[in-house]
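All of the numbers you see were taken from the coordinates with simple rules; none came from a lab. Owing to the predicted nature of the structure, the values given are computational and were not obtained by experimental measurement. Note that we place each Cβ from the backbone using ideal geometry, even for glycine, and neighbour counts take in every protein chain shown.
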Amino acid sequence: MKAILVDKNSADGLNYDIQKRIFEENGIEFILYDCQTEDEIIEKCSDADALLVIYKKITPRIMDNLKNCKVILRYGIGYDVIDVDAATERGIKVCNSPTHCLDEVATHTIAMILAIERKLIMYHENVKNGEWLANAGYKPHRLSSQTLGLIGFGNIARRTAEFAKGFGFNIIAYDPYLKDDIFDSMNVKKVDLDELYKTADVISIHTPLLDSTYHLINKDSISKMKDGVMIVNTSRGPIICEKDILEAVKSRKVKAAALDVIESEPITIKNHPLYDIGNIIISPHAAYNSVEAEEQMMEILATTAIKVLNGENPKNIVNSKALGL
């Protein structure tokens, strides 16, 4: 049997030694490709029993040419690069790594909130330019005087809430898929989106990218927010309409934004519009990253693939219900 990674160089610096060892110990050949096109994926990966992917889109056409594929696995928590409905129609299981970087993304979220509230990047640049000014830019506020609104209340958002409580935030959250007792158990108020927009001083996005969440943050939703709101996104870039967040920061409706993901990533030019207006900080889709998280993800995906190929149904099959498992 073969486990084939479609795009080994889509993310920089990954070490696949753990996966190689696990697959070899279980008699499975592990092949790493760096496919650039749909046709190349079809040409090189058609005999995969397990297909692994980082960022390349796995389309219905690709699936139609996978002769033996039983499972498609995504490196990460999100799996929007895979057409899950198409996989389900073809009886292919789709799996992710749902827990490997909870602490990392939650920590990155809190770090971004602190960086924009305390103006760390602005201060650093000002000092480098000879400006020793404590009151440059907008006035910061005490964190314990503010309300943090979480859009989505899954594992990462809940870990973020745990960390945020240490700073004294009042925390509210929106998630239509969760029962009230999950919110109650964490002393977090469950609200609808309009109340969150109206109430939150800081909004942090933790929802997956779905048809219903594409451009969820746009001109209309921003208009419902407090003047001077701050927005953090460590989820998926297209949840925020890039053009609209640019205009909102420019007009100061949004005081500051911190983006680990953007709609047009990766940024490879020096004069990107996001740099021009100030009060936006960006990291390169790196919130997940740590030595421990990478090692855990590699192990989870390899062991998950082996379980599926051995006829088991692990808990991280994202289309298990649709497949009737």
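Figures for the structure shown
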item: Violating pairs (Cα-Cα greater than 22 angstrom) within the set 44/307; 179/226; 139/243; 219/255; result: 44/307; 179/226; 139/243
item: Length-normalised contact order for the range 102-282 - Cα pairs under 8 Å, 6+ apart - percent; result: 20
item: GNM top mover of 32, 73, 301 - the chain, alpha-carbon springs below 10 Å; result: 32
item: Simple label model, 7 Å out from Cα along Cβ direction - residue 47 to residue 211, nm; result: 3.8
item: Loop sites in the range 189-227: trypsin sites (Lys or Arg not before Pro), DSSP, at most 13 other Cβ within 10 Å; result: 224
item: Point-charge dipole on Cβ atoms (K/R +1, D/E -1) for the range 210-313, about Cα centre, debye to 20; result: 640
item: Relative contact order of the chain, defined on C-alpha pairs under 8 angstrom at six or more residues apart (%); result: 18
